[in-house]
Structures are given as C-alpha cells and as structure tokens.
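The values are calculated or read from the model by the stated rules, or taken from the named source; none is laboratory data. The structure displayed is predicted, hence computed values, not measured ones. All Cβ positions, even for glycine, are placed from backbone atoms using ideal geometry, and neighbour counts span all protein chains on display. Only protein heavy atoms, including side chains, enter the accessible area calculation; ligands, DNA and RNA are left aside. Shrake-Rupley method; radii C 1.70, N 1.55, O 1.52, S 1.80 Å.
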Amino acid sequence: MKRKYLFELLIGLFFVSFNIFATCDPNIILTTPSSNFIINGDGTVTDKKTDLTWMRCTLGHTWSGNYCAGTANIYSWQQAMNSAEGTTFANYSDWRVPNVKELSSIVEMACGYPAINESIFPATIQSPPNYYDSSFIQPQYWTSTPSRSGDTGISVSFYFGYHGTRGQYIRLVRGG
C-alpha cells in the first residue's frame, strides 16, 4: 500500500515539475510567433500564413475581452462535428472543426507543456486534470480528419503537440 502512494507521489511530482519548468527552447525558432497573427479584438485571431481565423478560446469558454473564462465543454467526435455546425461567434456562423493539418499549424514546436502560443490562445487545455488518476490521458482537441478506423477522428494534444484519437475539446476555425 505504501509503495502505491509513493509511486503516485513521484509521478505527480514528475508532472508538476514539468509544468513549473515548462518553457520554449531558445535554440529553436518559434513556429507560431505572435507576429504571425492578427488579433481581431472579438475573441478571434487570423493566422497571416494560412489565412485561417481561429477562436482564441476552447469551445465552452467565454471570451472576456482579455482571457477565456468558464469551463470548456467535452465532446465525442460526432458531438464535435455537430456542435460546430450550430455555432455563431463574433458575428460569424461558418465555424467548423479544423482538419489535422490546420490544427497542427498552431502547435508551437519550440515549446512544450503547453505546445501552443499562450498569448494568442489563452487557457488552452493542455494538462491532465488529475495527475494521480490511473487512466492518465493527455487532453486533446478534435479535428475533422477521420482516424483509420473511421469511427472517430484524429486529435491534437497541446501538451506535447502529438496526434492521437482521444479528443475531448474543440477549437473552431473558419476560412481556408
């Protein structure tokens, strides 16, 4: 019993230490510097390289003018696809779930924990809610790209920046 608690404590300290010391590598050129984005002032940003307009907050959060407030919603892949269709934000109703290439374009490759430009995309869900949970899964964002099995989609984690199939959250995009 004591070993189990010691193991959980060590695992928790391991992940907490990563979050405390998380930083961008100064030897790697940023892939998503703030200068690549136009902040539109309505809770959206436009990527100058891709011409895509992104919601700055995870769906479910509320844009307060400076930050994302509230609680992000959790979706299955099919719920994510359906939720995008009925979303109106910043006077636009053509929001959609991005494909894997589009969502990967906002992963910051020079950073980890989170692997995203936090000044452009504040409050991105990137760390597990409970480090001590035995079913530890990195939070991931859905894409519209189907997985090989076709019954779910490919997702992107902004904790490490990797792809998976266990999405939970959505960041919507328009344009392209």
(request) Using the structure shown, decide if Thr32 is modelled with pLDDT of 95 or more, farther than 19 Å from Tyr159 by Cα and open to solvent by less than 40 Å² (accessible area, probe 1.4 Å). (result) no
(request) Those residues that are among the basic types (Lys, Arg) and assigned to a loop (DSSP other than H, G, I, E, B), I need them from the range 149-176; list them, please. (result) Arg166, Arg171
(message) I'm told Gly65 meets every condition in (1) more than 15 Å from Arg174 (Cβ to Cβ); (2) under 13 Å from the mean Cα position of the chain (by Cα) except one. Can you identify the failing condition by its number?
(response) (2)
(request) Sort out which residues of the range 47-86 are open to solvent by 50 Å² or more (accessible area, probe 1.4 Å) and β-branched (Val, Ile, Thr), and write them in order of number. (result) Thr50, Thr62, Thr71, Ile74
(message) Any residue that is part of a loop (DSSP other than H, G, I, E, B) and either closer than 19 Å to Phe37 by Cα or open to solvent by 20 Å² or more (accessible area, probe 1.4 Å) (or both) - is there at least one of those in the range 140-148?
(response) yes
(request) Kindly indicate whether any position in the range 38-46 is surrounded by 13 or more Cβ atoms within 10 Å (Cβ to Cβ), over 22 Å from Trp142 (Cα atoms) and of a type in the set (D, E, K, R). (result) yes
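Residue-by-condition table, conditions (1) within 15 Å of Gly164 (Cα to Cα); (2) at pLDDT 95 or above; (3) of a type in the set (Lys, Arg):
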position	(1), (2), (3)
Tyr67	no, no, no
Ala84	no, no, no
Asp94	no, yes, no
Ser105	no, yes, no
Gly112	no, no, no
Thr124	no, no, no
Ser134	no, no, no
Ser149	yes, no, no
